[in-house]
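Quick notes on the structure that follows.
The values are calculated or read from the model by the stated rules, or taken from the named source; none is laboratory data. What you are looking at is a predicted structure, and each value in this text was computed from that prediction instead of being measured. Here the Cβ positions follow ideal geometry from the backbone for every residue, glycine too, while neighbour counts run over all protein chains shown. Each accessible area value is taken on the protein alone, full model and side chains, heavy atoms only, with ligands, DNA and RNA left out. Shrake-Rupley method; radii C 1.70, N 1.55, O 1.52, S 1.80 Å.
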Amino acid sequence: MLIVMHHYATADEIEAVQAAVVALGYRSEPIPGKERTAIGVLGNQGYVPDDTILELPGVLEVIHVSKPYKLVSRDFHPVASEVRIGSVSLGEGLPPVVMAGPCSIESEEQILAAAHLVKTAGAHILRGGAFKPRTGPHTFQGLGVEGLRYLRAAGDEVEMPVVTEVMRISQLEAVCRYADMVQIGARNMQNFELLKEVGKLDLPVLLKRGMSATLEEFLAAAEYILAEGNSRVVLCERGIRTFETATRNTLDLAIVPLVRELSHLPIVVDPSHATGKRSLVPVMSKAALVAGAHGLMVEVHPAPETALCDGAQSLTGQGFAQLMGQLRQMLPVLDIS
Ligand code: PEP
Ligand code: MN
């Protein structure tokens, strides 16, 4: 529920409405606007009597928000959020942020080589998985904490913040020790206990869309994180499962401008997992930026043919450098507003 105050409502009246909301057993969140203040009513204990609220001095109207997400929505937070990851800022009005690196950290040498390649090409954040959610149990599962150490060292060496996936609450402490941003993968988008735990962190979170999640479910998942107090969330569209099998997933690019309408959170696109094919990554990266993505997550491997994971969708260092050159040329025509 949103309580909209008259433009002439006084600070005392706004405070009184907030106190009334709290007295009814809800949390209140003031949303100052250009013309008037609104008060968000949070909590799901039941029914808030409209009449009681409408009678309070200064109240203009009461709007029921039936969406399962509120903190994430533009209604509650009209100003777009900027998320800082180490020294990098990501969000509306800023040049797109590129996160790049291998699917998984395979060795100290491999992640260091990848770090140098992506840094030289102009990427902003280094990615690499240490805990890998693989489809089958007989494939490479990641180096675990050893991988985290290599990732951190590589990030430090090239002076880039690092992002890596956490799959379970028990891995969170180690991941937080080494990472600048915590990634929740597609397969864990609705792991609500994990979402609640990352909601307690003082670290930015990259939340990837579940492969069969609707937009509403995606935003509701982000709401779990914000509801615990962490509003440093970046959404990531990474393709969804459809009847089409020619690409690994179907990149749902229309979701990008729609998320920007519905939410204040920034959104990036992962064209690597969305397509599964190296040849499609550059063009879909460009399409993502045209659609309004605030950044990209791209898999890059120093020798994709030897990659232990996702080699077919990984760009070579040269391919990535070429893509970054093309993205730079696009900057002046992008609507970064
Ligand atoms: C990844 O980014 O390493 C990954 C596993 O992606 P997703 O969760 O989108 O499948
Ligand atoms: Mn991958």
* May I ask for the equivalent-ellipsoid semi-axes of the chain, computed as the square root of five times each C-alpha gyration tensor eigenvalue and listed largest first in whole Å? => 40, 20, 18
* Express the accessible area of the chain per residue in Å², computed with a 1.4 Å probe while the remaining protein chains stay in the model. => 44
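For the stretch 55-130, state which trypsin sites (Lys or Arg not before Pro) are in a DSSP loop and have at most 15 other beta carbons lying within 10 Å of their beta carbon.
For trypsin sites (Lys or Arg not before Pro) across the stretch 55-130 that sit outside H, G, I, E and B with at most 15 neighbouring Cβ atoms in 10 Å, the list reads Arg74.
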* Could you bin all the Cα-Cα distances of the stretch 280-322 into 10 Å bins starting at 0 and give me the percent of pairs in each, rounded to whole numbers? => 29, 48, 21, 2
* Structure fact -> Bounding extents of the stretch 221-337 in its principal axis frame from Cα atoms, largest first in Å, are 43, 34, 29
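Evaluated at 25 °C with a viscosity of 0.890 mPa s, what Stokes-Einstein diffusion coefficient in µm²/s does the stretch 176-274 have when Rh comes from the Kirkwood expression over alpha-carbon pairs?
181
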* Asked: Given H placed 1.01 Å from N in the peptide plane, which residues other than close sequence neighbours of Ile39 have an amide H under 5 Å from its amide H?
  -> Ile3, Val4, Met5, Ile31
* What does the charge add up to near Arg209, with Lys and Arg as +1, Asp and Glu as -1, over the other residues with Cβ less than 15 Å from its Cβ? -> -1
* Subtracting the Cα-Cα distance from 0.36 nm times the residue separation, let me have the gained length for Glu109 to His6 in nm, one decimal. => 30.9 nm
* To do: Using θ = phi - 60° and the Karplus relation 6.51 cos²θ - 1.76 cosθ + 1.60, list the HN-Hα couplings for the stretch 213-229 in order, rounded to whole Hz, with x at every Gly or Pro.
  => 8, 6, 4, 5, 5, 4, 5, 5, 5, 4, 4, 4, 6, 5, 5, 8, x
* So what is log10(I(q)/I(0)) for the stretch 136-187 at q = 0.20, 0.21 1/Å, when the Debye sum runs over its Cα atoms only? -> -0.71, -0.77
* Scaled to the compact-protein estimate 2.2 N^0.38 Å, what is the alpha-carbon radius of gyration of the stretch 42-178, rounded to two decimal places? -> 1.53
* **Most fluctuating residue given options Pro282, Pro271, Pro30, as computed from a GNM of the chain linking Cα atoms under 10 Å** => Pro30
* Structure fact -> Two pseudo-spin positions, 7 Å from Cα along C-beta at Ala312 and at Val145, lie apart in nanometres by 3.6
* To do: Could you list which residues have their amide H under 5 Å from that of Val298, counting only those 5 or more apart in sequence or on another chain, with H placed in the peptide plane?
  => Met99, Ala100, Gly101
* To do: Could you run the Karplus curve 6.51 cos²θ - 1.76 cosθ + 1.60 with θ = phi - 60° over the stretch 267-284 and give me ³J(HN,Hα) per residue in whole Hz, x for Gly and Pro?
  => 9, 10, 10, 10, x, 6, 6, 5, 10, x, 10, 3, 5, 8, 5, x, 5, 6
* Between the DSSP loop rule and a limit of at most 12 other Cβ atoms within 10 Å, which chymotrypsin sites (Phe, Trp or Tyr not before Pro) in the stretch 1-69 are left? -> Tyr8, Tyr47
* For the stretch 1-51, calculate the relative contact order in percent as a whole number, restricting contacts to Cα pairs under 8 Å that are 6 or more residues apart. => 42
* Structure fact -> Of the accessible area of the stretch 190-337, computed with a 1.4 Å probe and all protein chains kept, carbon and sulfur make up a percent value of 55
* Asked: Setting aside same-chain residues fewer than 8 positions from Lys277, which lysines have a Cα under 30 Å from its Cα?
  -> Lys119, Lys132, Lys208, Lys286
* Asked: Considering only protein heavy atoms and a 1.4 Å probe, what is the carbon-and-sulfur percentage of the accessible area of the stretch 1-53?
  -> 52
* To do: Obtain the nm distance between the two label points defined at Leu54 and His116 by a simple spin-label model: each point lies 7 Å from its Cα along the Cα-to-C-beta direction.
  => 7.0
